[in-house]
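Please read the structure below before turning to the comments.
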Amino acid sequence: MKCPNCGSFMKEEEMRCRRCGYAIQMVPDYNPLEDYLAGEISGRNISDPVSRNTTAESTMQRRRQSTWTSSPKKSSYDERERRRKQLARKRQAQKKRRLRFLGVAVLLILVLILGGIGLYRTTYSGLVGRGKKALQNQEYEKAKSLFQRALKKNEKKPGAYEGLAKTYVAAGEKEKAEPLFQEAIKKQPGNVEIYEALIRYYMREKETEKIPSLLEDARESVAEALKDYVIKKPGFSLDDVPVYDDVQELTLRAKKGQTIRYTTDGTAPTLKSQEYTEAIQLEEGETVIIAIAVDERNIPSLPQKKTYMVEFPVEDAPAVSPSTGQYSEAKQIEIKVPEGYEAYYTLDKTEPTTSSTKYTGPVEMPQGETLFKAILVNKKGKTSAVTTRNYLLEPGN
């Protein structure tokens, strides 16, 4: 290099001219990346025009302050500046491509969403959902049409059946609701979901008394799957096989939390029948007890029926003496009364009852012809057969 003062040749590393003593002021190579980083740190964007101009001016000032600049260094700077501008243009192009791609993607997503919504509206779930909305808006004909369309798409799912049944009830056509489920069960006897949908219908309409017979007639697999709706029959403390000879106390039992409803006249019990609260007295004669257990959901069991017979034992017809016959002198008529019994008799040919003359001791045989009849009565009022004696008293014969 040459001295800027006298033009003498100098070595690159020399900082002072050996000929004239001029001090050389060195300027470091300019690196635009360093300016860019410095600008970012200080809050300036080196890529915007103002920042670039400011940076360029600063660079030119530094250049002017320098007394010399070598040609190779200037060429290096120009090359870096060209590459920087080329990189900026490439980034701008990439940004535009990304924006175009994003726009196309958003448009495609919107098309897919709108198309999906349109398709969903005609699917089973879409039709059922629209039917429910129409039902809420009391658009019953529209709701019926939508639920029926859903059934044509899928007869196995319960949603459309339940929605259509609710619509029938709301529209005052309840008589169509239950047959809707029954017909479906007839076609699909193993479809547990439709059985359960009908059970929910019965519970909603407070017709839970129909649930036991529904599950009784169902397949074993269906009954097992819906066993939570099967209520166990109430238990009876007495067997109904023997004939009882005295009054009995019958107790009924069910699971904790359940109530028992029963009848004693042979009629089927309902949810409104007499509630069991204490032991049932079985009096003499025949008594038919039919009972059901009812759980907290008001679902009853199948009825349990037992018939009881109570017959009080009685003595045979009473022993009466003397025996039938003709007598010439008066006799004492006596009745043998066992312990725990009373005897009643008549002398006028009528049948004795507890309203007849009570026997307290021997009876004087009347003169002439007498028809004597007697019975025994136990403490429970049970009467024996009648004993009859025919007397003819003719004194002096």
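If neighbour count is taken as other Cβ atoms inside 10 Å, put 84, 253 in order from fewest to most.
So the ranking, lowest neighbour count to highest, is 253, 84.
Assuming a ≥ b ≥ c are the square roots of the Cα gyration tensor eigenvalues, decide whether the stretch 217-257 counts as rounded (a/c under 1.5), prolate (otherwise, with a/b larger than b/c) or oblate.
Oblate is the answer for the stretch 217-257, as a/c is 1.5 or above yet b/c matches or exceeds a/b.
Most exposed first by the Cβ proxy, i.e. fewest other Cβ within 10 Å, how do 320, 294 rank?
320, 294
Once you sort the root eigenvalues of the Cα gyration tensor of the stretch 235-310 as a ≥ b ≥ c, which label holds: rounded (a/c under 1.5), prolate (a/b larger than b/c) or oblate (the other case)?
Prolate is the answer for the stretch 235-310, as a/c is 1.5 or above and a/b outweighs b/c.
Cα centroid distance between the stretch 257-294 and the stretch 229-249, in Å?
That distance is 11 Å.
Starting at the first residue of the stretch 79-88, write each ³J(HN,Hα) from the Karplus equation 6.51 cos²θ - 1.76 cosθ + 1.60 with θ = phi - 60°, in whole Hz, x for Gly and Pro.
5, 5, 5, 4, 5, 4, 5, 5, 5, 5
Name the residues whose placed amide hydrogens come within less than 5 Å of the amide hydrogen of residue 393, ignoring near sequence neighbours (fewer than 5 apart) on the same chain.
For residue 393, the qualifying residues are 327, 368, 369, 370.
Within the stretch 126-214, report the trypsin sites (Lys or Arg not before Pro) that DSSP leaves as loop and that have at most 15 other Cβ atoms within 10 Å.
Passing both the DSSP loop test and the Cβ count: 156, 206.
Show me, for the stretch 234-251, the HN-Hα J-couplings you get by feeding each phi into the Karplus relation (A = 6.51, B = -1.76, C = 1.60, θ = phi - 60°), rounded to Hz, glycine and proline as x.
x, x, 10, 7, 10, 7, 9, 7, x, 9, 8, 9, 7, 4, 10, 10, 9, 10
Computed from the coordinates by the stated procedures, all read-outs in this text should not be read as laboratory data. Computed from a predicted model, the values in this text were never measured in an experiment. Cβ atoms come from the backbone with ideal geometry, glycine included; neighbour counts cover every protein chain shown.
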